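Before any comments, here is the structure.
The values are calculated or read from the model by the stated rules, or taken from the named source; none is laboratory data. Because the structure is predicted, anything quoted here is derived from the model rather than measured. Quick reminder, even Gly has a Cβ in these numbers, built from the backbone with ideal geometry, and neighbours come from all protein chains shown.
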């Protein structure tokens with residue numbers, strides 16, 4: 001069977017799917033690209049995914065997926081033994097689905113609209129205000145997730161792909177120090193997941209420790 | 001068994017979940033509220049869902065769901081015979097998952113950030129620019145979905161909950177006339193789904209025809 005191909009960029013949301021691919025133990029290749037830089041790599045990405053975003057996942061049958069939560073649910077379909085999601089008959093399944101969609105439907109878009117605000121409105125004070133308000137919204141969303149966090153995993157005793165999201169996303173703005181202070185339960189979930197050797201390895205590849 | 005309770009507001013995304021509840025044939029009650037209006041109904045909503053958004057779904061066991069795509073996947077778990085999603089072993093499953101997440105992770109947020117732009121940035125020209133750019137983004141996302149639309153359903157011969165999203169969302173800005181002109185395949189999918197008597201009934205309840 002042809003391997004999966006994950007097109008990503010170090011430190012991006014593709015790290016979550018990279019962890020899931022490793023845990024699902026399906027054959028895959030990684031194509032890291034500077035996805036915003038014009039050139040042949042971006043041209044190929046745009047041909048596969050006109051939105052030009054990573055992660056983009058090419059399946060063994062050629063189907064192209066562009067949404068990380070969909071990739072997670074798909075990998076759970078093909079490798080349920082990895083435990084990326086609770087099975088349909090488990091009581092924590094509904095909560096898993098809800099938090100997964102909250103992460104990608106509410107928190108992710110705060111990066112779309114808050115990362116580069118002059119892309120969306122007048123540069124200067126109006127863009128600064130947009131950034132500030134979207135960042136406030138993001139903080140509220142994380143604090144709501146904090147209230148729902150279990151221990152040692154998001155779902156309590158059961159590991160799931162939610163832990164992979166939290167592990168990667170706590171490396172993003174506003175950064176690990178903010179999470180340690182404001183969302184200690186999420187920080188604890190992230191640290192627990194990073195104990196898993198495969199998760200740790202992908203984390204190091206995507207967020208290399210600073211060198212001299 | 002206690003019925004599901006769907007807290008919604010006529011014409012909102014709750015209409016999609018209302019259709020799914022009817023098609024899944026699970027006992028449920030509808031609580032329509034003016035969800036933004038201060039008062040006891042909003043207080044109860046905020047207690048269940050601190051984000052104060054509809055749809056909010058209270059499950060028979062008391063669990064609260066707040067994300068429509070998660071509700072759809074949950075209802076597929078409890079009533080697979082309704083065909084809301086393709087089963088895990090079907091080739092169209094990956095595309096279903098990807099388009100479902102695209103709808104709620106990319107298109108839905110254009111309403112969050114584009115509907116009331118003075119909430120996000122300086123009122124006046126900067127807010128107008130934000131609205132215009134977010135609306136442009138929404139149009140691009142719909143046109144990308146148009147390229148992926150099958151016939152007569154989003155997935156081709158197989159009905160799925162994607163058709164419910166398209167049926168409801170083509171009633172939203174920029175409106176049915178825009179979809180007819182710019183996204184005729186999506187308009188056709190919407191019309192086809194609205195042939196189903198249960199879908200038609202929920203559609204009429206949420207978007208009543210104008211009266212004298």
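Counting only helices (runs of 4 or more DSSP H) wholly contained in the range A:152-212, the ones carrying 3 or more residues that are over 21 Å from residue A:136 (Cα atoms) occupy A:161-169, A:184-193, A:197-206. Looking at residue A:56, is it surrounded by 23 or more Cβ atoms within 10 Å (Cβ to Cβ), under 19 Å from the mean Cα position of the chain (by Cα) and either more than 7 Å from chain B (Cβ to nearest Cβ) or closer than 25 Å to residue A:206 by Cβ (or both)? The answer is yes for residue A:56. For the condition under 20 Å from residue A:116 (Cβ atoms) and surrounded by 18 or more Cβ atoms within 10 Å (Cβ to Cβ), residue B:142 does not qualify.
Results for (1) surrounded by fewer than 23 Cβ atoms within 10 Å (Cβ to Cβ); (2) assigned to a strand (DSSP E or B); (3) free of Cβ contacts under 8 Å to residues at least 60 places away in the same chain, shown as yes or no for each residue.
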residue: B:11; (1), (2), (3): yes, no, no
residue: B:20; (1), (2), (3): no, no, no
residue: B:35; (1), (2), (3): yes, no, yes
residue: B:38; (1), (2), (3): yes, no, yes
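Considering only residues in the range B:62-78 that are more than 19 Å from the chain's Cα centre (by Cα) and either part of a helix (DSSP H, G or I) or more than 7 Å from chain A (Cβ to nearest Cβ) (or both), the one that is surrounded by the most Cβ atoms within 10 Å (Cβ to Cβ) turns out to be B:78. Just one residue in the set B:85, B:106 is at negative phi, at the interface with another protein chain (Cβ under 8 Å from one of its Cβ atoms) and buried (at least 21 other Cβ atoms within 10 Å of the Cβ); that residue is B:106. For the range A:25-50, a residue qualifies if it is within 14 Å of chain B (Cβ to nearest Cβ) and either closer than 23 Å to residue A:190 by Cβ or in contact with a helix residue (DSSP H, G or I) (Cβ under 7 Å, 6 or more places away or on another chain) (or both), and the qualifying residues are A:26, A:50. Within the range B:151-162, does at least one residue satisfy the condition of being at the interface with chain A (Cβ under 9 Å from one of its Cβ atoms), under 24 Å from residue B:14 (Cβ atoms) and buried (at least 18 other Cβ atoms within 10 Å of the Cβ)? No.
Here B:97, B:129 are screened, and the one residue that is facing chain A (nearest Cβ under 7 Å) and surrounded by fewer than 20 Cβ atoms within 10 Å (Cβ to Cβ) is B:129. Summed over the range A:109-126, residues that are in a helix (DSSP H, G or I) and either surrounded by 20 or more Cβ atoms within 10 Å (Cβ to Cβ) or not assigned by the TED database to the domain that holds residue A:186 (or both) total 6. In this structure, is residue A:184 at pLDDT below 95 and either surrounded by fewer than 21 Cβ atoms within 10 Å (Cβ to Cβ) or more than 16 Å from the chain's Cα centre (by Cα) (or both)? Taking the combined requirement at face value, the residue does not satisfy it.
The listed residues are B:114, B:83, and the only one of them that is touching a residue at least 12 places away in the same chain (Cβ under 8 Å) and closer than 18 Å to residue B:166 by Cα turns out to be B:83. Checking each residue of the range B:82-89 against the condition of being over 23 Å from residue A:137 (Cβ atoms), part of a helix (DSSP H, G or I) and in contact with a helix residue (DSSP H, G or I) (Cβ under 6 Å, 6 or more places away or on another chain) gives at least one match.
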